[in-house]
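The numbers here are math on the coordinates, done by the rules we state, and not lab data. It should be emphasised that the depicted structure is a prediction, and the values quoted were computed from it without experimental measurement. Please note: Cβ atoms are built from the backbone with ideal geometry, for glycine as well, and neighbour counts cover all protein chains shown.
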Amino acid sequence: MAERTIRVGSTHGLHARPAKLFVQAVAQSGAPVTIAKNSGKAVNAASILGVISLGIDHGDYVTLNIESDDADAVLDDLAEILSTDHDA
Amino acid sequence: MTDTTTQTLTGAGIGQGVAIGPVLRMADPLPEPADEHSTRTPDEERERVTGAVAIVADDLRGRAAKVSGTAADVLEAQSMMAEDSTLLDDVSARIETGKTAERAVFEGFAVFRDMLVALGGYMGERATDLDDVAQRVIAALSGGPAPGVPESDTPFILVAHDLAPADTALLDLTKVLGLITREGGPTSHTAILAREKAIVAIVGVAGSDAIANGDVVVVDAAAGTVTVNPDETLRAETQQRIDERASALSGSVEPGALADGTPVPLLANLGSTDGSAKALEAGAEGVGLFRTEFLFLDQRMAPTVEQQREQYTRLLNDFPGKKVVVRVLDAGADKPLEFLNDAHEDNPALGLRGLRSLRANEDLLREQLTALAEADAVTNAELWVMAPMVSTVEETRYFVDLATELGLKTVGVMVEVPSAALLADRILKTAAFASIGTNDLTQYTLAADRLLGSVASFQDPWHPAVLRLIGEVGAAGAAAGKPVGICGEAAADPMLAVVLVGLGATTLSMSPSAIADVRLSLRSFTLDQAKHLAEVALAADGAPEARAAVRAAAADTTPTQPHPDRNETPQ
């Protein structure tokens with residue numbers, strides 16, 4: 001199991017498009033991933049409604065948890081998506 | 001002759017056109033599924049949900065593949081919402097307690113919907129997308145049509161209760177021959193869209209619920225009538241009128257002027273730069289009203305200064321050497337923007353809207369004015385900027401001072417509120433120009449919500465009380481030597497346009513599709529005749545009387561005048 005904390009880069013937080021891109025990447029990885037805002041409750045990161053309902057804003061810190069053999073590679077991908085400003 | 005009965009319905013016609021075609025109805029919102037114990041087993045119900053969700057997600061993905069940009073993102077996100085595992089777990093748990101698939105889906109989506117609404121802002125806006133998905137899944141469960149805008153490969157006449165801005169965004173305008181709505185007055189969002197896109201439309205049609213899918217109808221906007229199952233004679237006449245009108249309007253595009261040569265520049269109302277080419281083609285001498293809210297709505301979030309500058313530069317580049325009047329963001333009432341004001345208001349038309357709402361969010365106003373000034377600096381159009389919904393002299397000073405400070409040269413205000421019309425002399429001491437928004441001015445003068453079908457008959461700019469207020473502004477403009485434009489839909493009515501000039505309007509701005517008819521009408525009257533017609537209208541008791549009296553007087557002044565008033569709508 002691996003864990004990483006990332007600062008969200010999208011200007012308007014994880015709303016429709018950034019959330020969609022993130023959830024699609026999680027689904028593609030095939031690994032069970034959870035996401036939590038700050039130190040809150042972790043939700044299934046492959047659920048777009050779960051992710052959107054966390055109400056993640058620009059600058060919030062999120063923590064990803066993953067069970068996978070290539071956890072680091074997947075985390076690199078996801079971290080990149082989360083830290084990019086998709087609203088720019 | 002068909003063997004079905006011909007039937008005629010009436011409403012408020014938008015514009016002068018006529019159309020004929022088969023009807024497609026916009027499916028009504030589904031009723032809330034009953035909360036009753038399912039007669040199926042939980043596994044059977046779960047299987048139904050799985051099947052319905054797959055159908056909906058496939059359909060949404062298919063639609064996403066056909067479009068691009070924001071629309072595609074929204075549709076893809078919606079397809080993911082339909083298949084969302086957290087949601088389906090919740091639905092499954094509800095089914096386990098004996099609920100029907102329909103009810104479980106309804107309740108499960110509602111939980112997430114409420115969660116999004118509670119988050120507010122950008123997340124809150126996703127609630128509408130989720131509602132749409134829920135409706136689609138419930139429709140798929142019951143085998144019914146999905147709610148929303150119908151899709152068709154062949155042209156049709158759309159019949160709806162009313163259209164929300166979100167519906168119209170998805171509308172394929174190349175397929176819509178005409179539009180009939182049960183709700184709405186001549187200035188509702190639907191009517192404005194219809195004018196802008198030159199769709200033949202009739203709004204506020206009581207009895208339109210009885211029109212069925214596939215019925216052939218004739219939509220005659222000039223007469224304000226919908227004829228269901230027209231006979232062969234009417235079908236042939238209609239086709240002939242469509243052809244004749246097309247050839248009459250493809251004629252000359254000289255500048256707007258009265259019979260005595262008095263220039264009355266004819267400008268275009270635009271909601272985006274997409275309409276520029278069409279406006280120029282119609283002979284528009286500039287833009288009298290550029291609405292910026294469509295820019296904000298399409299973005300689904302506040303655009304940055306850079307994004308705005310790019311849009312305004314494109315607009316100004318489309319009209320080199322010509323006047324372009326840009327109205328800063330007019331949010332509220334019929335155009336709510338949650339990032340500006342998400343507080344519930346009982347009377348949004350009387351609430352925090354227009355300049356009031358911008359003043360409460362001054363950063364946004366400053367950004368917009370900055371973007372406009374920057375675009376002005378790199379282009380050759382003559383940029384004028386105005387504020388919507390100004391009701392006091394103090395607000396006028398506030399806006400003019402701020403816009404001037406940010407580098408804008410010609411700053412004016414819209415006169416849409418009776419208080420501003422009555423004090424126009426004082427307002428024009430500060431403002432460089434006034435532009436009268438007749439739609440709101442009528443709504444506020446007659447105290448009738450312009451979005452409400454039940455009071456649509458009050459929404460008539462021919463009302464002498466409205467005309468008297470316009471006359472006040474015209475007189476104040478003449479005394480101060482400052483221009484007074486009309487940018488409401490009243491300017492698109494060929495006969496009323498003459499009266500407005502008689503009341504002191506110096507320019508008229510309208511949907512490009514209306515320019516040809518108005519140009520033709522203005523050419524038939526001198527300034528003295530226009531002033532006389534204005535007096536005739538002011539002396540009437542009400543809107544229908546004013547319209548009838550002016551039509552009679554116009555026939556007297558110019559016996560050769562070919563039917564200037566074809567915009568009459570039955571009351």
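Once you average over the residues of B:110-119, how many Cβ atoms of partner chains fall within 10 Å of each Cβ? Could the numbers behind the result be given before it?
On the way: counts 0, 2, 6, 1, 1, 6, 5, 0, 2, 8.
Other-chain Cβ atoms within 10 Å of each residue's Cβ, averaged: 3.
Shielding value for A:15-23 is 6, the average number of Cβ atoms from other chains within 10 Å of each residue's Cβ. Each peptide in B:281-292, B:25-36, B:203-214 was scored by the mean count of other Cβ atoms within 10 Å over its residues; highest first, the order is B:281-292, B:203-214, B:25-36. Highest mean packing first, where packing is the average number of other Cβ atoms within 10 Å per residue, the peptides B:501-508, A:19-26 line up as B:501-508, A:19-26.
Give me D for segment B:490-539 in µm² s⁻¹, whole number, from Stokes-Einstein with Rh from the Kirkwood sum over alpha-carbon pairs, 10 °C and 1.306 mPa s. Don't skip to the answer; put the middle values down first.
On the way: Rh = 10.6 Å.
For these conditions, the coefficient is 149 µm²/s.
Computed over segment B:344-465, the quotient of the alpha carbon radius of gyration and 2.2 N^0.38 Å is 1.15.
Amide H to amide H distances under 5 Å link residue A:68 with A:2, where only residues 5 or more positions off or on other chains count and H is placed in the peptide plane.
List the relative contact order of segment B:378-460 as a percent without decimals, with contacts defined as Cα pairs under 8 Å and 6+ residues apart. Walk me through the intermediate numbers first.
Numbers: 118 pairs, mean separation 21.7, N = 83.
Result for segment B:378-460 is 26 percent.
Determine the shielding of peptide B:82-90 by partner chains: average, over its residues, the number of Cβ atoms on other chains within 10 angstrom of each Cβ. Working shown, then result.
Details: counts 1, 3, 9, 7, 9, 4, 1, 2, 1.
Rounded to a whole number, the mean comes out at 4.
The calculated Kirkwood hydrodynamic radius for chain B is 25.2 Å, given to one decimal from all distinct C-alpha pairs. Do any of B:278/B:409; B:175/B:278; B:482/B:531; B:278/B:482; B:409/B:482; A:37/B:99 go past 23 Å between their Cα atoms, and which? Those over the limit are B:278/B:409; B:278/B:482; A:37/B:99.
With the convex hull built on the Cα atoms of segment B:260-557, state its orientation-averaged projected area in nm². Numbers along the way, then the final one.
On the way: hull surface 57.6 nm².
Dividing the Cα hull surface by four gives the mean projection, 14.4 nm².
Shape summary of segment B:396-513, radius of gyration then Dmax from alpha carbon positions: 14.2, 45 Å. Relative to one another, the C-alpha centroids of segment B:64-90 and segment B:197-220 are positioned 33 Å apart.
For segment A:2-83, report the % of Cα-Cα distances exceeding 22 Å. Kindly include the intermediate steps, with their values, before the conclusion.
Numbers: 310 of 3321 pairs.
Result for the distance tail: 9 percent.
A convex hull fitted around the alpha carbon atoms of the protein assembly as shown yields 164 Å³ per residue. Other residues lying with their Cβ under 12 Å from the Cβ of residue B:41 contribute a combined charge of -2, Lys and Arg counting +1, Asp and Glu -1. Note that segment B:42-142, at 10 °C in a medium of 1.306 mPa s, gets a Stokes-Einstein diffusion coefficient of 116 µm²/s from its Kirkwood radius over C-alpha pairs.
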